[in-house]
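The values are calculated or read from the model by the stated rules, or taken from the named source; none is laboratory data. Being a predicted model, the structure only gives us computed values, none of them experimental. Here Cβ is always computed from backbone atoms with ideal geometry, including for glycine, and neighbour counts include all displayed protein chains. Please note that ligands, DNA and RNA were not included when accessible areas were found on the heavy atoms of the full protein model with its side chains. Shrake-Rupley method; radii C 1.70, N 1.55, O 1.52, S 1.80 Å.
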Amino acid sequence: MEGIRHKMVNVNGISMHVAEKGEGPVILFLHGFPELWYTWRHQILALSSLGYHAVAPDLRGYGDTEAPTAITSYSCMHIVGDLVALIDSLGVEQVFLVAHDWGAIIGWYLCLFRPDRVKAFVCLSVPFMPRKPQMKPVESMRLFFGDDYYICRFQEPGKIEAEIARYGASNVLKKIISSRKAGPPCMPKDNAFGIKPDTPITLPSWFSEEDLSYYANKFNKKGFTGALNYYRAFDLNWEQTAPWTNTQVKVPVKFIVGDLDSVYTTPGMKEYVNGEDFKRDAPMLDEVVIMEGVGHFINQERADEINSHIHDFIKSF
């Protein structure tokens, strides 16, 4: 991690931790759940060496960034507000955006609300999810996937946090990061994470014990509630984004996903990603890349390839 600088920035009423390296056009990296700025360590080093200013915050509620207590403080409006303030603090009008998982969801909102601030978007794992005005999202997920669907299981404050505490942050993180299970991700009520004390969990080759220790230390210190509150604000986001119903995302986009990703293997997702609807919703979608034999944590599992995909796309702008 040599040469990566760390600073605290006041954004939108909270204190945000930011990791950065390099000089030049800004690439803003947004992590997902349950991660940190650290997920982008390979990209920060690679892209900064190619003449870019790589900037990776811990998002609201994560790591060394402040975690407000109210669920309503985790709406897409709050998170995008944080990011616009961060971009302003960097003294630039526009950034290249690279985002994964929940970071990708927030990235789509940033492109939807403030396309003037994004030059181009490299999106990993989660495609655009157009607002469906007929039904709130959590109700819809419950209907399609049942009560054990992970997002439904995350809704009740304190409940999943207690299950995480039962097994320990390190074991839960290890289980999530090493999982290759196809979607939709479901969590049985008797053992949400499928952790068996007599069955050791083997970390993948691309995620070391040192990496796990960094994550676990931060989550042990911060807790998981802030991170889980993103899921608890799903319906609030739906309410707040009513004015953007049927609005297209007009930012150049490259979308990349692994064919073993639990998001991509969730029913309906492959059809959307590879069909006409995705292009209709994001008319400046330049390319869809399906990487074979790759799971959810694509930017770590195939770091070199993702670095090349990012650079090949943004260098043309």
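A few comments on the model shown:
- Qualifying residue in the range 295-306 (condition: assigned to a strand (DSSP E or B), modelled with pLDDT of 95 or more, buried (at least 22 other Cβ atoms within 10 Å of the Cβ) and not aromatic (Phe, Trp, Tyr)): no
- The range 38-63 - residue that is open to solvent by less than 10 Å² (accessible area, probe 1.4 Å) and part of a strand (DSSP E or B) and, of those, farthest from Ile4 (Cα to Cα): Pro57
- Meets criteria (under 22 Å from Phe313 (Cα atoms), buried (at least 16 other Cβ atoms within 10 Å of the Cβ), among the β-branched types (Val, Ile, Thr) and touching a His at 6+ places or on another chain (Cβ under 8 Å)) for Val98: no
- Helices (runs of 4 or more DSSP H) within the range 144-260 that include 1 or more residues open to solvent by 20 Å² or more (accessible area, probe 1.4 Å) and among the acidic types (Asp, Glu): 159-167, 209-222, 234-240
- One residue alone among Glu2, Glu93, Glu66, Glu35 is within 22 Å of Met284 (Cα to Cα) and in a loop (DSSP other than H, G, I, E, B), and that residue is Glu93.
- Considering the range 64-94, the residues that are in contact with a His (Cβ under 9 Å, 6 or more places away or on another chain) and in contact (Cβ under 8 Å) with a residue 60 or more places away in the chain include one that is surrounded by the most Cβ atoms within 10 Å (Cβ to Cβ), namely Asp64.
- If you go through the range 261-283 and keep only what is in a helix (DSSP H, G or I), charged (D, E, K, R) and open to solvent by less than 20 Å² (accessible area, probe 1.4 Å), you end up with just Asp281.
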